[in-house]
Amino acid sequence: MSSPASERAARGAPSLRAARWATRTQFFCTGFLFATWGVHIPTVRAHYEISEAALGMAMLAAGVGALLGLSRAGALIGRHGPKAVAWVCGLVSTAAIAALLSLPGYAALLAVLAVFGVASGIFDVAINAEASELERREGVPLMSGFHAMFSLGGMAGAGLGSLLLGWQVTPQTHLVGLSALTAVAVWLACLQMLPPEAPVEASTPFRLPRGALLLLGLLAALGLVAEGAMYDWSVLYMQKELGSPQDQAALAYASFSAAMAAARFGGDRVRARYAAAPLTIASAALAAVAMAVVLVVGDPVVALIGFALVGVGFGNIVPVLFSAAARVPGTSPAHGIAAVSSVGYVGFMAGPPLIGVLAQQSSLTAALFVVVVFAAVLALGARAALGRAG
């Protein structure tokens, strides 16, 4: 028989449904923040009067910060729990975006972007750990739907940013206003996160992933190299290689990202029906074949259809790999996700420059065959990696 105190605690605890919607909100906010920063990359360059090389260093500062954050995420979440970590890092991330155009100079910009990278990297692991816990408690796949909200947040952030720029809203007002709204949404969502069922773990130092986690991380890196290449190079491919006008070329990014979001919204139903390994193999194979057809045929209409199919193929790969990382025996969900994220994020940062170097040596069409090759290798390695994950 339960005590009055335990009954009051149960009544005050967030429900699984509330926690699920809170986690969806946090994934949406993450995508929204990244898109808001992306919209104002040209604004930041003009405001601080910096070169493209200096802007690249600023982006690198955010990337290095994210890797540093990922190296500490598992320990911090183990010590304090996902709820407390998400609350702090989510608010720090929004504050960093709000401050982008209010800094005294370039050095301060580098520091703030590094802080943004650290905070956003840790926040990402915290909400993925929460998503993994919700999957475990509810006994059904949920991760793809959460990642779909990230994609939806990115589309909303980019669309709203474009709309506000068209309305002549000043960049400073845009950054501060939307960051403030996002901070409120993150704070309210954190109130509904699940309390841990058991005492949180003691902090353990970050170690380079080995065994199953290393294999999962390498697969994530392959997928994210290809995904990053699609985001950064598909529009230029349509313009430069196929001769498409700018308005048509812009549809390359839209077709890929919209199809990826749609695949993730339906991904949990697919994951409930099919095992992780065959689903990943089929998804990666679809991406490889679709991208190969795009590059061989060289037609704008075929390219747009192919980019959408590539988005469908890649849509559920990262959610599947993160769910598997959270279940690896002998490690906590937070440590597993952080380890796989750290390896995968290296791929996400390395992919676009790799394509650029290869394109300079040959052509962009030839360079984009990296997407085909990496997707094929991902398909070939999926069974071994996911089998070892348990």
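The values are calculated or read from the model by the stated rules, or taken from the named source; none is laboratory data. Computed from a predicted structure; not experimentally measured. Here Cβ is always computed from backbone atoms with ideal geometry, including for glycine, and neighbour counts include all displayed protein chains. Side chains are part of the model used for accessible areas, which takes the heavy atoms of the whole protein and leaves out ligands, DNA and RNA. Shrake-Rupley method; radii C 1.70, N 1.55, O 1.52, S 1.80 Å.
With the structure loaded, tell me whether residue 332 is small (Gly, Ala, Ser) and touching an Asp or Glu at 6+ places or on another chain (Cβ under 7 Å) or whether it fails that test. Full working, then the answer.
Values: small (Gly, Ala, Ser): yes; touching an Asp or Glu at 6+ places or on another chain (Cβ under 7 Å): yes.
Taking the combined requirement at face value, the residue satisfies it.
All conditions in (1) within 21 Å of residue 311 (Cβ to Cβ); (2) surrounded by 21 or more Cβ atoms within 10 Å (Cβ to Cβ); (3) of a type in the set (Val, Ile, Thr) hold for residue 337, with the sole exception of (1).
When the criteria are applied in full, residue 93 meets the requirement of being closer than 24 Å to residue 57 by Cα, of a type in the set (Ser, Thr, Tyr) and modelled with pLDDT of 95 or more. For segment 67-82, a residue qualifies if it is surrounded by fewer than 23 Cβ atoms within 10 Å (Cβ to Cβ) and of a type outside the set (A, V, I, L, M, F, W, C), and the qualifying residues are 71, 72, 78, 79, 80, 81. With respect to residue 64, is the statement that it is open to solvent by 50 Å² or more (accessible area, probe 1.4 Å) and at pLDDT 85 or above true? Yes; evaluated as a whole, the condition is true for this residue. For segment 92-102, the tally of residues that are in a helix (DSSP H, G or I) and crowded, with 19+ Cβ neighbours inside 10 Å stands at 5. Quickly run through segment 339-358 and pick out the residues that are aliphatic (A, V, I, L, M) and touching a residue at least 24 places away in the same chain (Cβ under 8 Å). Of everything in segment 339-358, those that are aliphatic (A, V, I, L, M) and touching a residue at least 24 places away in the same chain (Cβ under 8 Å) turn out to be 339, 340, 343, 346, 349, 350, 354, 355. Please determine whether any residue of segment 248-260 is within 28 Å of residue 387 (Cβ to Cβ) and within 19 Å of the chain's Cα centre (by Cα). Yes, segment 248-260 contains at least one residue that is within 28 Å of residue 387 (Cβ to Cβ) and within 19 Å of the chain's Cα centre (by Cα).
Residues checked against (1) in contact (Cβ under 8 Å) with a residue 24 or more places away in the chain; (2) open to solvent by less than 40 Å² (accessible area, probe 1.4 Å):
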{"site": "225", "(1), (2)": "yes, yes"}
{"site": "234", "(1), (2)": "yes, yes"}
{"site": "239", "(1), (2)": "no, no"}
{"site": "260", "(1), (2)": "yes, yes"}
{"site": "268", "(1), (2)": "yes, yes"}
{"site": "298", "(1), (2)": "yes, yes"}
{"site": "303", "(1), (2)": "yes, yes"}
{"site": "306", "(1), (2)": "no, yes"}
{"site": "327", "(1), (2)": "yes, no"}
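Suppose the filter is assigned to a helix (DSSP H, G or I) and modelled with pLDDT of 85 or more; does residue 212 pass it? No, not satisfied. In the set 322, 369, 314, 348, only one residue is more than 19 Å from residue 70 (Cα to Cα) and either under 18 Å from the mean Cα position of the chain (by Cα) or surrounded by 24 or more Cβ atoms within 10 Å (Cβ to Cβ) (or both); that residue is 314. Only helices (runs of 4 or more DSSP H) whose full extent lies in segment 103-191 are considered here, and the ones with at least 2 residues that are in contact (Cβ under 8 Å) with a residue 60 or more places away in the chain, among the small types (Gly, Ala, Ser) and surrounded by fewer than 23 Cβ atoms within 10 Å (Cβ to Cβ) are 143-166, 171-191.
Just one of the listed residues (356, 381, 387, 336) is in a helix (DSSP H, G or I) and under 24 Å from residue 235 (Cβ atoms), namely 356. Entry remark, segment 47-61: residues being surrounded by 15 or more Cβ atoms within 10 Å (Cβ to Cβ) and either closer than 30 Å to residue 331 by Cβ or without any contact (Cβ under 8 Å) to a residue 12 or more places away in the chain (or both) number 2 in total. Within segment 220-243, the set of residues being hydroxyl-bearing (Ser, Thr, Tyr) and at pLDDT 85 or above comprises 237 only.
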